[in-house]
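Each remark here refers to the structure printed beneath this line.
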Amino acid sequence: MAQHRRKQQQQNGRTQAGLPTFGRGVLVILTAAAVAVSGCKGRRADTAVAPGWAPKPADVIMGVPATAAVAAIQAQLVSGRPTAIPADRWKRVQRLYTTYGSVPLWLETDGFHQARSKALLRSVVDANTDALRLDSYPLDELVAAVGTVRNSKTPTAEQLATADVLLTSAYVGLAEDLLTGQVDPKSLAQDWHIAANREPIDSAVARSLRDAHLDSAIARMRPRDADYEALRRALVRFRGIVAAGGWSPVPSGKGLKPGQAERPERIAALRARLRVEGFGAQTSATASLGGAIYDAELSGLVAEFQARHGIVVDSMLGAETVQSLNMPAQYRLAQIAANLERYRWMPRSLGERYIMVNVPAFRLEAHDSTGTVEMKVIVGEEFEGKKTPVFADSMETVVFRPYWNITPDIQQKETAPKIAADPNYMTANDLEYFKDGGETRIRQKPGSKNSLGLVKFLFPNSFNIYLHDTPQAELFDKDVRAFSHGCIRLEKPEALAQWVLGWDGGRVNTAMQDGKDNQSEKLSRKIPVYIVYATAYERDGQLYFGNDLYSRDDALVEAMSQSVTSTPDALRSLAALRKMVDN
C-alpha cells in the first residue's frame, strides 16, 4: 500500500486492512474464529484443495506386479522404523498408507508420477529457504532410493517400495515441519504457553496429498502471510552476507556524540559495518573529509540502526550500540531462522477479527475487515516475576473506570513497605483497604491516579495479564518500554475500546471520564488473544531486530543455527535432489 496513505490512516490510529504478523511487530493476536481471512497481509486459513488426484490402480509398475509392490510396502511398514525417521513421523507414514490401502503413492505404471514426485522433491529443496534442518529428512537414503529406481529398467518390488516409502516419509516430515515447526518451544525455556496444534496434521497431510496441484498444497502448509515471506527473503540476504564473510567488528573506543572527532580507522570501520547491512554508503565527499568526524550523516545512520535493532535512539555510538553492531552476522542469520520457527509455532488461522501485540516490538495491532488499529504498548520488566509470558486466551470484558486490586505479592513486597514508611501514602495515592474472602487487601480507587487508567480489557487467564490504560503517558515517548509488572499498558486505550465494543469516540470518552466506577461491558463476541514473542520482523518494508528483553533468543538461535549452515553431506544430497527435479 502507498506509504502516504498508511501515514494518513495512522493519524486516526488505523491503517489499511492487512493481517497481523510477527513481521510488523505483533505480539498479541486476538482472533474471532478459525475463518479464512482475505487481505494483502497476514496469515490466511487457505485450505482450498484442488480435487482430482488419487492413486491410480495399476496391474504392473515398471514390470513388477502391483500386488508385489503393495506387499513390499506393507512389509516395510511393519518390519521396523528406519533409523533416520522419528517415531511419531513413522506412525503418520503408516496411517497415511493405511488410508490408501498401502498402494504406492508416488508410482504409476511407467515409474514415478513425474509431476507429483518432482513437486515433492522441489518442495524439499525449497525447505532450505524456510530455515528447516535438512538433516531431519533422510536425504541420502532418498537420493539413493529414487536414483536406483530411475536408473533401473527392471527394479525389484523392494526397491520400488523403498523409494515410495521414503518419498512419503519426506512428504510427511516436510508437512509436520511447515505446520508446527521442528523445535518444541517447551524444550528451550521460551515461556511459550500456546498449545501446539498437532491434532490436525494427519488430516492436513491426507487432504493435501489429494490435491491435484501438490506443489501448491505443500506451499499452503507454510504460514501464509507477507511477513513470513519477508523473513524468508531476509534469510537469503543474510546467507549472502555470511557467505561473503559477514562484517568486521567496530573497534572499541570512547562513546561518540554527533560532531566529535575520532580515529579515522574507527570511523571507516563503522561506515563499512553499517554499509554491509544496508545502512548508507560511503561517498567521495565523505571520504575527502578524511573520515575523522562522527558527523551528522554517520550519526543519522547509527540512529537508523538503533531504531531497527531495539536500541534507544540517541544517535550516539555507545557501548550498547557497538555491542549490537558487533553481533556476528551468523547470529543475525540464525535469529531470522529462529523467528521463522516462531511463526510456525502459531496457529494458521487467525480469523476475521483479532488483536496482535509483539512484546519485543512494544506494539499492538487490532485487525478486522475495515482496517487496523495500531499503538505502542508497555510490557513487563525483565526481572523475574514481571516478564510478559506467551499465551493464548479470549477477551470477554471491558471495564471502565476500574479499581486496581493490588495483588498479594505486590502488596507485600511494594505497597505495604511504602505505607509503613509514609502515613499519608494511602491517601495520596487513592488507596483503600477491602475484604476479599476474609483477607485484607488493598485497592486503588477509580480515577486519574489509578494505575490501570480509565479502562481495562480482560481476557481471563492463569497469568492475571490484561490490557489497560495508564496515567503515565510520558513513558510511550521512550523507545524501549518494559516497565510494567507483566500486564500490557496501551498508548491509545480509547481507540481500542472503540474497536472492541463498536462504540463511537464520544460514548467511549463519556464512559471513561464521567461514567460509573467499575462499569463492565461484556463483549457480544469473544476475541481470542495470543501473546507471542518475535525478535525479527518486518515493518514498513524494513527488517527489524527487536529487543530480546527476556533473553529467550540465545537457546533458540543455537538450536536453529544448524538449519542455516547445512552439512556438506546435506548440501550434496540437496544438489542431487535439485538435479533430479531439473532432469
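Tilt of helix 114-126 relative to the longest C-alpha principal axis of the chain, in degrees (0 to 90, nearest 10)?
40 degrees
Can you tell me, using C-alpha contacts under 8 Å and at least 6 residues apart, the relative contact order of segment 260-327 as a whole percent?
It comes to 31 percent, rounded to a whole number.
Normalised by the number of residues in segment 342-422, what is the relative contact order in percent for Cα pairs under 8 Å and 6+ residues apart? Don't jump to the answer; show the numbers that get you there.
On the way: 51 pairs, mean separation 11.4, N = 81.
It rounds to 14 percent for segment 342-422.
Going toward the positive end of the dipole of the chain, with +1 on Lys and Arg Cβ and -1 on Asp and Glu Cβ, which of P493, A337, L577 do you reach last?
L577
As an exercise, use a Förster radius of 60 Å and the Cβ-Cβ distance of T99 and D191 to find the FRET efficiency, rounded to the nearest 0.05.
Numbers: r = 38 Å, r/R0 = 0.63.
E between T99 and D191, to the nearest 0.05, is 0.95.
Can you put E494, E414 in order, fewest other beta carbons within 10 Å first?
Result, fewest neighbours first: E414, E494.
When only alpha-carbon atoms are used, what values of Rg and Dmax, in angstrom, describe segment 260-327?
Looking at segment 260-327, its Cα Rg and Dmax stand at 11.2, 33 Å.
May I ask you to compute the full-extension gain from T510 to S551, defined as 0.36 nm times their residue separation minus their alpha-carbon distance, rounded to one decimal in nm?
That pair, T510 and S551, stretches by 10.6 nm at full extension.
Assuming R0 = 35 Å, can you tell me the calculated FRET efficiency for the pair D295 and T565, based on Cβ-Cβ distance, to the nearest 0.05? Write down the numbers at each step before the final one.
Working: r = 38 Å, r/R0 = 1.08.
The pair D295/T565 has a calculated efficiency of 0.40.
Computed FRET efficiency, Cβ-Cβ of K257 and D215, R0 60 Å: what is it to the nearest 0.05?
Approximately 0.65, to the nearest 0.05.
Residue farthest toward the positive end of the dipole of the chain, with Cβ of Lys/Arg at +1 and Asp/Glu at -1: which of F434, F279, L325?
After comparing all options, I get F279.
For the chain, find the longest principal axis of its Cα atoms and tell me its angle to the long axis of helix 66-79, 0 to 90°, nearest 10.
50 degrees
Using the crude model of +1 on Lys and Arg Cβ and -1 on Asp and Glu Cβ, and no other charge, please compute the dipole size for segment 260-327 relative to its Cα centre, in debye to 20.
Values: 6 positive and 8 negative charges, 39 e Å.
With only Lys, Arg, Asp and Glu charged at Cβ, the dipole is about 180 debye.
What percent do you get for the relative contact order of the chain when only Cα pairs under 8 Å and 6+ apart count?
Dividing the mean separation by the residue count of the chain yields 24 percent.
Can you give the Kirkwood hydrodynamic radius of the chain from its Cα pairs, in Å with one decimal?
One over the average 1/r among Cα pairs gives 26.8 Å for the chain.
Quick one: which residues, 5 or more positions from V377 or on another chain, have an amide H under 5 Å from its amide H? H modelled 1.01 Å from N in the peptide plane, none for Pro or chain starts.
R363, L364
Residues in segment 72-90 near a label at D140, defined as backbone nitrogen under 11 Å from the 7 Å Cα→Cβ point?
Within reach of a label on D140, which here means backbone N under 11 Å from a point 7 Å along Cα→Cβ, segment 72-90 contributes 84.
By how many degrees, between 0 and 90 and to the nearest 10, does the Cα long axis of helix 568-582 differ from the longest principal axis of the chain?
The two axes meet at around 70 degrees.
Under a 5 Å amide H to amide H cut-off, with H placed in plane at 1.01 Å, what residues pair with S394 once short-range neighbours are removed?
Hits under the 5 Å cutoff: V529.
For E108, list long-range residues whose amide hydrogen, built 1.01 Å from N in the peptide plane, is under 5 Å from its own amide hydrogen.
H113
Which pairs in the list K254/K478; K445/K516; K376/K492; K456/K516; K413/K445; K376/K478 are over 18 Å apart, alpha-carbon to alpha-carbon? Could you put the intermediate results ahead of the total?
Numbers: K254/K478 24 Å; K445/K516 12 Å; K376/K492 8 Å; K456/K516 14 Å; K413/K445 20 Å; K376/K478 10 Å.
Table pairs above 18 Å Cα-Cα are K254/K478; K413/K445.
Every number here is computed from the coordinates shown, using simple stated rules; none is lab data. Just so it is clear, the structure is predicted and the values come from calculations on it, not from any experiment. As a convention, Cβ positions derive from the backbone with ideal geometry for all residues, glycine included, and neighbour counts pool all protein chains shown.
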